[in-house]
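**Q** Once you've had a glance at the structure underneath, I'll fire off some questions.
The values are calculated or read from the model by the stated rules, or taken from the named source; none is laboratory data. Because the structure is predicted, anything quoted here is derived from the model rather than measured. No Cβ is skipped: glycine too gets one built from the backbone with ideal geometry, and neighbour counts run over all protein chains shown. For accessibility, only protein heavy atoms count, side chains too; no ligands or nucleic acids. Shrake-Rupley method; radii C 1.70, N 1.55, O 1.52, S 1.80 Å.
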Amino acid sequence: MADLPTHTIVFEILTRRPTKDVGRSKSVCKQWYALLSTQDFVRIHCSRSVVSSNQRVLLIDDLTCSVRPIISNNNDYGPSSIVTFPFHHQNNDVSILSHLNGLLCVCLNHTYELLLWNPTTTAFKRLSTPDSHGFYINNLDAIGLYVDADDDYKVLHIKRRSGVLGVYVYSREVDSWRNIPFITRQEYLSPHFNWSAGTFCGGTLYFTVCECWIGGTNVVICFDVNSEQFKEISFPPVPSNGMVQGVLVNVKNVLHMFASTGMFEMTIDLWTLQGDYWIKVLSCPPIPPISLSLWEVVYN
């Protein structure tokens, strides 16, 4: 081991080790700490961690926060382990807004502050600033977490305030917020439209924008994370005779949507995005409405 170059140890061995082992290795020496903190190491470690055996589910309910491994061969959960929040919190006070490669963007509901949090290492970073950046209001704002071409982790914050829309980007590398332009239809600024959290897939963040009314307008807003340009694409051609909701999912870097329609019974169809067009993959029979009592995030 003494004859192995440091670069080989770090990039060929430690990028294949669990996150907790990497965290402990940072205390070996200053050189290791610097190498293990680089964006190149984070990128390679994440890419090698995205396998089914590393997937976890983070569950937050009214009383506890826990992590459970996913058992892929029978689609079940393994034993849970309790996660202690490293920041001040109260019961049912933390909302998960976005997740990527094990990093979560969360909101503290009593202060409206945004934080980046790694549940595995317990490290976190407050994103709020004295000039009002980094504060989130439920039902008005939308959040997306992504990585750009320079491997910089960023947060996109879309804010609706009194009919005015502002778009802000936080960079973890430079630790600051900046405003970017976004011209959209005026009606999307209304609280009658619900914006989803952003789903990162193939260098683009996707948001569903759905009108609350039956037969209302439903679209998908796309944000190219490298050019920082927005565009609008159509929603899947679902029936408009009931409430419509779209849940976006990244499956092996291909965007999918579970589109549900209906009132007392829901019909759910699975669609996949090819270019700017949706292709139906699967149709499910009508099912009763489902209510969830906890936050659930699958992460690596």
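**Q** Regarding Phe207, is this residue modelled with pLDDT of 95 or more and either crowded, with 19+ Cβ neighbours inside 10 Å or not in a strand (DSSP E or B) (or both)?
**A** yes
**Q** With the stretch 118-177 as the region, which strands (runs of 3 or more DSSP E) entirely inside it contain at least 3 residues that are surrounded by 14 or more Cβ atoms within 10 Å (Cβ to Cβ) and not charged (D, E, K, R)?
**A** By residue number, 142-147, 153-161, 164-171.
**Q** Do we find that Ser293 is of a type in the set (Ser, Thr, Tyr), open to solvent by 50 Å² or more (accessible area, probe 1.4 Å) and either modelled with pLDDT of 90 or more or closer than 24 Å to Ile214 by Cα (or both) in this structure?
**A** For Ser293, the condition - of a type in the set (Ser, Thr, Tyr), open to solvent by 50 Å² or more (accessible area, probe 1.4 Å) and either modelled with pLDDT of 90 or more or closer than 24 Å to Ile214 by Cα (or both) - is not met.
**Q** How many residues are without any contact (Cβ under 8 Å) to a residue 24 or more places away in the chain and in contact with a Leu (Cβ under 8 Å, 6 or more places away or on another chain) if we restrict to the stretch 233-272?
**A** Of the residues in the stretch 233-272, 3 are without any contact (Cβ under 8 Å) to a residue 24 or more places away in the chain and in contact with a Leu (Cβ under 8 Å, 6 or more places away or on another chain).
**Q** Here's another thing I want to ask about it. Which of the residues that make up the stretch 70-79 are at pLDDT 75 or above and either surrounded by 14 or more Cβ atoms within 10 Å (Cβ to Cβ) or among the hydroxyl-bearing types (Ser, Thr, Tyr) (or both)?
**A** none
**Q** So Thr184 clears everything in (1) outside any strand (DSSP E or B); (2) touching a Ser or Thr at 6+ places or on another chain (Cβ under 8 Å); (3) modelled with pLDDT under 90 except one condition, right? Which one?
**A** If we test Thr184 against (1) outside any strand (DSSP E or B); (2) touching a Ser or Thr at 6+ places or on another chain (Cβ under 8 Å); (3) modelled with pLDDT under 90, just (2) comes out false.
**Q** Assess whether Leu273 counts as being more than 17 Å from Asn241 (Cα to Cα) and either at pLDDT 80 or above or open to solvent by less than 40 Å² (accessible area, probe 1.4 Å) (or both).
**A** yes
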